[in-house]
1. Criterion first (closer than 22 Å to Leu109 by Cβ and of a type in the set (A, V, I, L, M, F, W, C)) does Leu163 satisfy it?
2. What's the total number of residues in the range 51-71 that are part of a loop (DSSP other than H, G, I, E, B) and closer than 30 Å to Ser82 by Cα?
3. Tell me which residues, restricted to the range 19-50, are touching a residue at least 60 places away in the same chain (Cβ under 8 Å), in a loop (DSSP other than H, G, I, E, B) and over 16 Å from Ser114 (Cβ atoms).
4. Which of the helices (runs of 4 or more DSSP H) found entirely inside the range 108-181 contain at least 3 residues meeting this: buried (at least 22 other Cβ atoms within 10 Å of the Cβ)?
5. So, in the range 233-266, of the ones that are of a type outside the set (S, T, N, Q) and part of a strand (DSSP E or B), which residue ends up nearest to Ala132 (Cα to Cα)?
6. Those residues that are among the small types (Gly, Ala, Ser) and either without any contact (Cβ under 8 Å) to a residue 40 or more places away in the chain or buried (at least 20 other Cβ atoms within 10 Å of the Cβ) (or both), I need them from the range 249-279; list them, please.
7. Take the residues in the range 56-81 that are among the basic types (Lys, Arg) and under 19 Å from the mean Cα position of the chain (by Cα), then tell me which one is farthest from Pro39 (Cα to Cα).
8. How many of the residues making up the range 204-238 are buried (at least 19 other Cβ atoms within 10 Å of the Cβ) and under 15 Å from Tyr127 (Cα atoms)?
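Every number in this text was worked out from the coordinates using simple rules, so none of it is lab data. What you are looking at is a predicted structure, and each value in this text was computed from that prediction instead of being measured. Because the Cβ atoms are built from the backbone with ideal geometry, glycine has one as well, and the counts that use them run over all protein chains shown.
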Amino acid sequence: MSHSADGEWFSAQAVDGTALPLCAWQPPRPPRAVILLLPALGVPAQYYQPLAQALAGQGLAVLLLEQRGQGRSPLRASRQQSWGFAACLADIGCALEQAGARWPGCPRLLLGHSLGGHLAAMATALYPTQLAGVVLAACGSPWRRLYRGATRWQLELLARVLLPLSLRTLGYYPGHRIGFGGREAAGLMRDWSVLARENRYRAAGLDQDLEAGIRAWRGRMLLLRPADDVLVPPAAAQSVAERFAAAQTVQITLSAAQIGAAADHYRWVREPQAAAAAIAAWWAGEGPT
């Protein structure tokens, strides 16, 4: 596999036979770990190429997983085509196998942005022995009680009115029109709405107690939060972090000065040097504790 700024795209087969687009970056020296990068809701994998390249520059191999229904995925959400958290978590398991095959013996980490962070958290309950570490970036619970002002009521409107109405009338969630997420599957958004209404992880079709699994996981966890992220206030980020009761937890807040751009929900991905350096230092044991 050659080192490239754009990475190397290839396809794996999911448990249900769906093609899973993946993009791999090989650092110029033997990697200290391999990071499986999980995008935010409705964000295509292509958006994360600057971050993946910056992580490779820090000596970390990267495997970027395209989210179902986005970018290069052959799926598009519709009344006839749906999936939920369970399928996304199975895709993560498949991608972890790919990472192990490409970089045998290399510690495997998950880096999840926003929804990707929630999926990464749940994955620790399903693949505890395969994961050495997890990075939750700009990731906070969407439970309305953790928010104030207009954002609180917007979340309430979305979870209790707009989402049920769109799923009933369209059979999918038109986030690209509403302004939150992309075109998303009904099953995915129903699972998300449980988190928004009850602050509880649930994946329809899975019997595992995901909350208990997260509490029991003993790996290393980094909570990375842009300082001015209005979509993830400190209380929302802490609500996710405190689930990791047995993990070795580090929390880092990145300012606009460190990022070199607005410290919001998305810009750190496109101006990734501060985040990549923080992640590499954390994994090397050189960051704050």
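1. Values: closer than 22 Å to Leu109 by Cβ: no; of a type in the set (A, V, I, L, M, F, W, C): yes.
Criteria not met by Leu163.
2. Initial filter on the range 51-71 (part of a loop (DSSP other than H, G, I, E, B)): 58-60, 66-71.
With closer than 30 Å to Ser82 by Cα added as a condition, the list becomes 66-71.
Number satisfying all stated conditions: 6.
3. Pro31, Arg32, Ala33
4. Details: elements: 115-126, 149-157, 163-169, 175-178.
By residue number, 115-126.
5. So the first thing to find is which residues in the range 233-266 are of a type outside the set (S, T, N, Q), and the list is 233-237, 240-247, 250, 252, 254, 256-257, 259-266.
So of that shortlist, the ones also part of a strand (DSSP E or B) come out as 250, 252, 254.
Working: Val250: 14, Ile252: 19, Leu254: 23 Å.
Restricting to residues being of a type outside the set (S, T, N, Q) and part of a strand (DSSP E or B), the top hit is Val250.
6. Taking the range 249-279 and keeping what is among the small types (Gly, Ala, Ser), we get 255-257, 260-263, 274-278.
Hits for the range 249-279 are Ser255, Ala256, Ala257, Gly260, Ala261, Ala262, Ala263, Ala274, Ala275, Ala276, Ala278.
7. Filtering the range 56-81 for residues among the basic types (Lys, Arg) gives 68, 72, 76, 79.
Filter once more, keeping what is under 19 Å from the mean Cα position of the chain (by Cα): 68, 72.
Working: Arg68: 10, Arg72: 13 Å.
In this case the residue turns out to be Arg72.
8. Here the count works out to 7.
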